[in-house]
Amino acid sequence: MGGVKALRAFQKLTGSPAPEVFHTNEGHAGFLGVERIQEMMAAAEPLSWDEALAAGRASTVFTTHTPVPAGIDRFEVSQIQHFFDAGLAPDVPVAKILDLGRENYTDGNPFVFNMAVMGLRLAQRANGVAKLHGVVSRGMFSALWPGFDHSEVPITSVTNGVHVPTWVDPRVSALARDQFGADAEEPGRWDLAYNVSDEDVWALRRELRVSLVEDVRRRLRAAWKKRGAADAELAWTDSVLDPDILTIGFARRVPTYKRLTLMLREPERLKALLLHKTHPIQLVIAGKSHPADDAGKKMIQDLVRFTDDPAVRHRIAFLPNYDIAMARTLFPGCDVWLNNPLRPLEACGTSGMKAALNGSLNLSVLDGWWDEMYDGENGWAIPTANNGASPRNATTSRLPRCTSCWRRRWPRASTA
Ligand SMILES: *Cc1c(COP(=O)(O)O)cnc(C)c1O
């Protein structure tokens, strides 16, 4: 609500035109829809509730981001009522506002105010963040459209992306410019990549790997010093990782569904892979846990215990405090990017895209973006039990079409 007010003040100050479409990214910003209804109901020529709701919906898009119900903001209805009774939106009937978020449907809790449900009721267009996540979201919110098949629930998908100039290593861009000249700037000319010799690609890959190895050694030393180690005890960190060994990366902000420690399920097998006589691998794992997330913290402890073992610590490194600065060295420096979430809980995932932009191969569960981008040649799919979601390469929803204009019809979410 404050955001809309700030926007209006900005428009007044600068004379900029009013926005035509509002986008609510998940439920957190949902009350902006109520603020806009308040504006319309308090205007010189005031609209009724029904008119204001319809006008607001016609210019609002809602994006749902999480297939984990625990990730959705839910409050007690009485708590929301407390604030609106105090006059936050004085021209809007409080009962109508409360009904927007009420879980008054099969298997809902009518005493709960659900921000995602409000978001869907306030927006005429709604989407998930990958094709598979669209399928999952249509199932998850189907109770809002009673009588519709899951496939006809009007939630589509727009797959997330990453900002390419930020995530392509400058040395990769430089190689492209050297080899392709002006054509490097042409979209759709990735076929030119096949003209680059294997030697040039491999020399570049090695250079990126060397940068990662140096960065890992520096960070590891800093982390051990923070844990109280003296310089004299840290000589071993100079030989952590080897720029000529296949490097696998994995990074998580450690929600449990990402299964950071799945690789520790068979520790002896992992050790054998790391220490293989002729074809060893090395692993770089970056992580960060939320202070309130005990399961996440426990995972990190388990992993740190494994990586502390002098028998393997030159082949596996855990880096705490995963952040963007670390990520920009990590993605280009890995040959293979590993992702093993519990399908279908990774709504999209973007880490693997950043790795792919720099020539790394993905090794991932067919979840989120990888479910639609894996083509059998660009990496590997990890088989996984199908946790109740539809098969891979799920299609977008087939909304019923208007018989006269052939446009898709977008049925309203029920409020009753
Ligand atoms: C890309 C990135 C993320 C998000 O990764 P997902 O795969 O989308 O979960 C989180 N933190 C940092 C530092 C990143 O660079």
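Quick look at the values:
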item	result
Condition broken by ASP149, with the remaining ones in (1) away from the ligand (no atom under 16 Å from the Cβ); (2) in contact with a Ser or Thr (Cβ under 6 Å, 6 or more places away or on another chain) satisfied	(2)
Residue in region 313-327 that is surrounded by the most Cβ atoms within 10 Å (Cβ to Cβ), counting only those that are within 8 Å of the ligand (Cβ to nearest atom) and outside any loop (DSSP other than H, G, I, E, B)	MET326
Of all residues making up region 121-164, the number that are surrounded by fewer than 19 Cβ atoms within 10 Å (Cβ to Cβ), under 20 Å from LEU53 (Cα atoms) and among the hydrophobic types (A, V, I, L, M, F, W, C)	0
Residue list for region 270-309, filter: crowded, with 19+ Cβ neighbours inside 10 Å and in contact with an Asp or Glu (Cβ under 8 Å, 6 or more places away or on another chain)	GLN282
Given (1) among the polar types (S, T, N, Q); (2) assigned to a helix (DSSP H, G or I); (3) away from the ligand (no atom under 16 Å from the Cβ), number of the condition THR278 does not satisfy	(2)
Residue match in region 373-385 (condition: in contact with a helix residue (DSSP H, G or I) (Cβ under 6 Å, 6 or more places away or on another chain), among the hydrophobic types (A, V, I, L, M, F, W, C) and either modelled with pLDDT of 90 or more or over 18 Å from GLY249 (Cβ atoms) (or both))	no
Which listed residue, of LEU345, LEU338, LEU330, is assigned to a loop (DSSP other than H, G, I, E, B) and either under 20 Å from the mean Cα position of the chain (by Cα) or hydrophobic (A, V, I, L, M, F, W, C) (or both)	LEU345
Test: residue in region 373-383 that is surrounded by 22 or more Cβ atoms within 10 Å (Cβ to Cβ) and either among the small types (Gly, Ala, Ser) or away from the ligand (no atom under 13 Å from the Cβ) (or both)	no
So ARG269, is it at pLDDT 95 or above and either under 20 Å from the mean Cα position of the chain (by Cα) or assigned to a helix (DSSP H, G or I) (or both)	yes
Complete set of residues in region 241-258 that are at pLDDT 85 or above and away from the ligand (no atom under 13 Å from the Cβ)	LEU241, ASP242, PRO243, ASP244, ILE245, LEU246, THR247, ILE248
Among the residues listed as ALA272, ALA229, ALA222, ALA235, the single one being closer than 14 Å to HIS314 by Cβ, away from the ligand (no atom under 16 Å from the Cβ) and out of contact with any strand residue (DSSP E or B) (no Cβ under 8 Å at 6 or more places or on another chain)	ALA235
Candidates GLY352, GLY296, GLY359, filtered to the one that is modelled with pLDDT of 95 or more, over 19 Å from LYS226 (Cα atoms) and either within 15 Å of the ligand (Cβ to nearest atom) or among the small types (Gly, Ala, Ser) (or both)	GLY352
For PHE113: the one exception among (1) surrounded by fewer than 17 Cβ atoms within 10 Å (Cβ to Cβ); (2) free of Cβ contacts under 8 Å to residues at least 60 places away in the same chain	(1)
Meets criteria (within 12 Å of the ligand (Cβ to nearest atom), acidic (Asp, Glu) and either touching a Gly at 6+ places or on another chain (Cβ under 9 Å) or at pLDDT below 95 (or both)) for ASP335	no
Filter pass, ARG259 being crowded, with 16+ Cβ neighbours inside 10 Å and within 29 Å of the chain's Cα centre (by Cα)	yes
Cβ pairs under 8 Å, 6+ apart, first in region 348-377 and in contact (Cβ under 8 Å) with a residue 40 or more places away in the chain and farther than 22 Å from THR166 by Cβ, second near the ligand (Cβ under 10 Å from one of its atoms) and among the aromatic types (Phe, Trp, Tyr)	LEU363/TRP337
Test: residue in region 235-245 that is free of Cβ contacts under 8 Å to residues at least 40 places away in the same chain, over 20 Å from LEU275 (Cβ atoms) and part of a helix (DSSP H, G or I)	yes
Wholly within region 1-72, helices (runs of 4 or more DSSP H) carrying at least 2 residues that are over 23 Å from the mean Cα position of the chain (by Cα), on the phi > 0 side of the Ramachandran plot and surrounded by 12 or more Cβ atoms within 10 Å (Cβ to Cβ)	none
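The values are calculated or read from the model by the stated rules, or taken from the named source; none is laboratory data. These numbers were taken from a predicted model, which means no experiment stands behind them. Cβ coordinates were reconstructed from backbone atoms using ideal geometry, including for glycine residues, and neighbour counts include every protein chain displayed.
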